[in-house]
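K.L.:
Pasting a structure here, questions to come.
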Amino acid sequence: MARLLLTFILGIFATGELTAEDGYRLWLRYDRIEGTSNRNDYRRPMQSIIIATPSGAESAIIQSARAEIARGLDTMLGRKLTTVHVVAREADPALGAEGYALENVTVDEEKAVRIRANSDAGALYGVFDLLRRVQMREPVHELAVVAVPKIDRRLLNHWDDLNGFVERGYAGFSLWRWHELPHILSPRYTDYARALASLGLNGTVVTSVNANALILTPVYLEKVAALAEIFRAWGIRTYLTARYSAPIEIGGLDTADPLDPTVQAWWEAKIDEIHEHIPDFGGFVVKANSEGQPGPHDYGRDHAVGANLLAAPLAADGRDGIVMWRAFVYDYEDDTDRVKQAYNQFVPLDGKFADNVLVQIKNGPLDFMPREAFSPLFGATPQTKQMVELQITQEYLGASLQLAYLGTMWDEVLQQDTFARGEGSTIGRITDGSLHGHELSAICGVANTGSDRNWTGHPLAQANWYAFGRMAWDHTLGARAIAEEWARLTFDADAEATTSIVELLMGSRETVVNYSMPLGLHHIMERGHHYGPGPWVEGGRADWTSPYYHQADAQGIGADRVASGSNAIEQYAPELQAQWGSLASVPDELLLWFHHVPWDYEMKSGRILWDELALRYQQGVDEVRAMITRWDGLRDQIDRERWQATRERLVVQEQDAREWRDACLLYFQQFSQRPLPEGVEPPEHDLQHYIDVDRRYFPGHPGDY
Ligand code: BDP
């Protein structure tokens, strides 16, 4: 028996049995590097780390940097051996405000790694870069790294309510435990801040766009201040959402009219008060006159007047606060195609926004669909600063139950050419301010974090948080390179297995598109919770129904957005109008976004549209099955806990993919009146079965749905 036990124990060590891992550590795992010679590769060059900043001062951020070095290197290298020196060194303009350089130096015949930066935050990012290299087992003896963020404000937006509910959140409740704050400080706040800083994110908006004015009352500001203090030590500034009617709701005024002097005085005083609590307050995100939220239109004022009201006090007294004014506006009383409305409202306002206002634009003109044409507002207001809003949480891509790596989608968005100033006018360059020469720039992503132990629900959804952060730092890094980094940091897999994980990630978003909304279909999901198919959703306001978007009839399917229809295409540059406006040249991916196409239209593949559509749905299902097979092949490469949790979700995803396929094809077949082509599996149930599926109480939606 004892021998058996010994064999078993030895077996564990011999095969390097993977230890349980719950995902809490994210990509900051710092597991011990095995093998003395491997460890020595790192020990030698890093006997000392020199942090060189213009002040050379110890600060809260430098303390964080020291703590992270200790946490990372001591664990990875097995013992404490690195000494950290903080020295003063003149600023280097090439590093900008928050960039850094990593280099090897020799001081008194001792080898050292030097991290140079113009600010403490820059130094902290350098530390995280160095630790990332060690974690990835990359050499550190010939460092010649210079990294500078392309965008100034790199933020997460939390859609977290004060009652702990997270709108479109699928990973538990809010991270912010408002009832405990400011007295009880969860250690999770620090780990959250570390995760952000490790990616170079430097801001967080802790409250939802559907704002609650209470957050601006003294009791809550004290709570926010406690969070802000923790975040500050990691280079992160805190931002809030402003409810436009706050002067009425918590200020006792009878108006929130931006041109009313009492309203102006109220915001000035309020913003002063916020600064007393949070001296480095970053500013506001505002959702105004959108989906029932109050705003300047209530008083006959436009968005610019509305935004400038808040912008002025945020810039007063040498402050550098900003207003991120959302362009997610549409009005159901306006019968213009919903996707045209933001452009129509904002283009006439170009040049009217204050300097510290950025217009925050979702990547697509509709709403974070699995695929949309980009928002034509990008590049259309050269005098107005624009920033992109991406959605990390998977509202329309399977919540935390389905795998959809969004890096590929964001690459598509950020590299998209708008032709606003000729070729090369990408959304990345609009967001980083370089296209139109704007000094101030910002980017944000709607967080997918929550109280789940692994932060994001789906273990692989951590990759989306990671990818957003890396792209916010540099939008040219590329989805694949980022996926590789993430996979190497997050799993102890060997090279072959890492490749497999990366392949899995890279194809996953297109797979979701295929089984849910292929060929440019959009907004055909179930009402309210937005999970699962709902091409039949009708009733209530038209722009929240599905037929408004798919337009299926006996002739064909697709939204007519060329001259014969809403002509939304006219909002794009002539180059894109030419390409997307013609059936011959529009890519399959955007076909039904722009065109109403006959069922028997001959596609590039030679098949008729109906057959192509059906086969795309089937392809989506097949791809999920292939994902499961691939994942099964990784069984011995990945710790059991995360492997299992992911596998369970892939099984759900396969079921969901079948449901999408069957429900949509049965529904559209009523119009096409054609048989399913060969290769498409027959539906399991009749259409009514799918219509009757009731997912009420699915998380993330505030109502009953
Ligand atoms: C939609 C969400 C809704 C948000 C809204 C927004 O369904 O919950 O409030 O966007 O961005 O995607 O304001």
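K.L.:
At a 1.4 Å probe radius, which order do Ile278, Ile50 fall into by accessible area, largest first? If you can, show how the numbers build up before the last one.
P.N.:
On the way: Ile278 0, Ile50 20 Å².
Ranking Ile278, Ile50 by accessible area, largest first, yields Ile50, Ile278.
K.L.:
So which aspartates and glutamates can Lys111 reach, going by Cα to Cα under 14 Å and dropping same-chain residues fewer than 8 places off?
P.N.:
List returned: Asp41, Glu103, Glu142.
K.L.:
So for the stretch 21-147, taking the charge dipole from beta-carbon charges (+1 Lys/Arg, -1 Asp/Glu), which of Tyr100, Ser37, His85 sits furthest toward the positive end?
P.N.:
Comparing the listed Cα positions along the dipole, Ser37 ranks first.
K.L.:
Keeping the other protein chains in place, figure out the carbon and sulfur percent of the accessible area of the chain, with a 1.4 Å probe.
P.N.:
Details: 13230 of 26380 Å².
Ligands and nucleic acids excluded, carbon and sulfur reach 50 percent.
K.L.:
Right, something else. Mind jotting down the distance between the C-alpha centroids of the stretch 358-388 and the stretch 648-705, whole Å?
P.N.:
So the two Cα centres are separated by 31 Å.
K.L.:
Using the Karplus curve 6.51 cos²θ - 1.76 cosθ + 1.60 with θ = phi - 60°, work out ³J(HN,Hα) for each residue of the stretch 99-113 in order, rounded to whole Hz, and write x for Gly and Pro.
P.N.:
Going residue by residue, I get x, 7, 10, 10, 8, 8, 9, 10, 10, 6, 6, 9, 7, 8, 9 Hz, with x marking Gly and Pro.
K.L.:
When only the heavy atoms of the protein chains count and the probe is 1.4 Å, how do His530, His297, His183, His303 rank by accessible area, highest first?
P.N.:
On the way: His530 30, His297 80, His183 155, His303 0 Å².
The residues order as His183, His297, His530, His303, largest area first.
K.L.:
Show me, for the stretch 417-430, the HN-Hα J-couplings you get by feeding each phi into the Karplus relation (A = 6.51, B = -1.76, C = 1.60, θ = phi - 60°), rounded to Hz, glycine and proline as x.
P.N.:
Per-residue couplings from phi come out as 8, 8, 6, 4, 10, x, 4, x, 8, 6, 5, x, 6, 6 Hz.
K.L.:
Please compare each pair in Lys150/Lys270; Lys150/Lys362; Lys362/Lys385; Lys223/Lys270; Lys340/Lys385 to a cut-off of 26 Å on the Cα-Cα distance and tell me which ones are over it. Don't skip to the end; give the middle numbers.
P.N.:
Values: Lys150/Lys270 32 Å; Lys150/Lys362 19 Å; Lys362/Lys385 14 Å; Lys223/Lys270 16 Å; Lys340/Lys385 20 Å.
Beyond 26 Å between Cα atoms: Lys150/Lys270.
K.L.:
While we're here: How big is the stretch 555-705 by Rg and Dmax over its Cα atoms, in Å?
P.N.:
Values for the stretch 555-705 (Cα only, Rg and Dmax): 19.3, 57 Å.
K.L.:
Shape of the chain from its Cα gyration tensor (a ≥ b ≥ c, root eigenvalues): rounded if a/c is under 1.5, otherwise prolate when a/b > b/c, or oblate? Let's see the in-between values first.
P.N.:
Values: a/c = 1.73, a/b = 1.16, b/c = 1.49.
Judged from the Cα gyration tensor, the chain comes out oblate (a/c at least 1.5, b/c at or above a/b).
K.L.:
Here's another thing I want to ask about it. Give the distance, in whole Å, between the Cα centre of the stretch 324-338 and the Cα centre of the stretch 66-145.
P.N.:
47 Å
K.L.:
Assuming 1.002 mPa s and 20 °C, estimate D for the stretch 21-147 with Stokes-Einstein, Rh taken as the Kirkwood radius over Cα pairs, in µm²/s. Show your work: numbers first, answer last.
P.N.:
Values: Rh = 14.6 Å.
D = 146 µm²/s.
K.L.:
Moving on to the next point. Just the accessible area per residue of the stretch 21-147, please: how many Å² with a 1.4 Å probe? Mind dumping the intermediate values first?
P.N.:
On the way: 5480 Å² over 127 residues.
In whole numbers, the stretch 21-147 has 43 Å² accessible per residue.
K.L.:
Take the Cα atoms of the stretch 152-293, find their three principal axes, and give me the spread along each one in whole Å, biggest first.
P.N.:
44, 32, 31
K.L.:
List every DSSP H helix in the chain whose Cα atoms extend 15 Å or more along the helix's own long axis and whose mean Kyte-Doolittle hydropathy is at least 1.6.
P.N.:
Working: long enough: 2-14 (17 Å, 2.14); 120-135 (22 Å, 0.29); 187-199 (19 Å, -0.40); 218-232 (20 Å, 0.69); 261-277 (24 Å, -0.89); 303-315 (18 Å, 1.22); 462-473 (17 Å, -0.41); 479-490 (16 Å, -0.18); 495-516 (32 Å, 0.25); 609-632 (34 Å, -0.52); 640-672 (47 Å, -1.12).
Membrane-span-like by this rule: 2-14.
K.L.:
Continuing with the same structure: If amide hydrogens are placed 1.01 Å from N in the peptide plane, which non-local residues have theirs closer than 5 Å to the one on Gly556?
P.N.:
Distant-sequence amide H within range of Gly556: Trp599.
K.L.:
Classify the stretch 153-491: rounded, prolate or oblate, from the alpha-carbon gyration tensor (a ≥ b ≥ c, eigenvalue square roots; a/c under 1.5 rounded; otherwise prolate if a/b is larger than b/c)?
P.N.:
Numbers: a/c = 1.57, a/b = 1.09, b/c = 1.44.
Because a/c hits 1.5 or more and a/b fails to exceed b/c, the stretch 153-491 counts as oblate.
K.L.:
With a 1.4 Å probe and all protein chains left in place, how much accessible area per residue does the stretch 153-491 have, in Å²?
P.N.:
Details: 9820 Å² over 339 residues.
Result: 29 Å² per residue.
K.L.:
Which whole-angstrom value gives the distance between the alpha carbon centres of the stretch 164-221 and the stretch 544-585?
P.N.:
40 Å
K.L.:
Just the accessible area for Arg421, please: 1.4 Å probe, Å², rounded to the nearest 10?
P.N.:
150 Å²
K.L.:
Amide H to amide H under 5 Å from Arg237: which residues, 5+ apart in sequence or cross-chain, H placed 1.01 Å off N in plane?
P.N.:
Gly203, Thr204
K.L.:
Calculate for the chain the 222 nm mean residue ellipticity that helices alone would give, adding -39,500 (n - 2.57) per DSSP H run of length 4 or more and normalising by residue count, nearest 500 deg cm²/dmol. Kindly include the intermediate steps, with their values, before the conclusion.
P.N.:
On the way: 21 runs with 256 residues, N = 705.
Only helices count here, giving -11500 deg cm²/dmol.
K.L.:
Per-residue HN-Hα couplings for the stretch 439-446, Karplus 6.51 cos²θ - 1.76 cosθ + 1.60 at θ = phi - 60°, whole Hz, x for Gly and Pro?
P.N.:
Along the stretch 439-446, the couplings run 6, 9, 9, 7, 8, 9, x, 6 Hz.
K.L.:
Starting from the amide H of Gly295, placed 1.01 Å from N in the peptide plane, find each other amide H under 5 Å away whose residue is 5 or more places distant or on another chain.
P.N.:
Here Asn289 satisfy the definition.
K.L.:
Evaluate the Debye formula for the stretch 504-618 with equal point scatterers sitting on the alpha carbons, no solvent, and hand back log10 of I(q)/I(0) at q = 0.09, 0.11, 0.13, 0.17 Å⁻¹, in q order, two decimals.
P.N.:
Values, matching the q order: -0.25, -0.37, -0.52, -0.89.
The values are calculated or read from the model by the stated rules, or taken from the named source; none is laboratory data. Note that this is a predicted model, so its numbers are computed, not measured. Backbone-built Cβ (ideal geometry, glycine too); neighbour counts: all protein chains shown. Remember, those area values only see protein heavy atoms, side chains included, never the ligands or the DNA or RNA. Shrake-Rupley method; radii C 1.70, N 1.55, O 1.52, S 1.80 Å.
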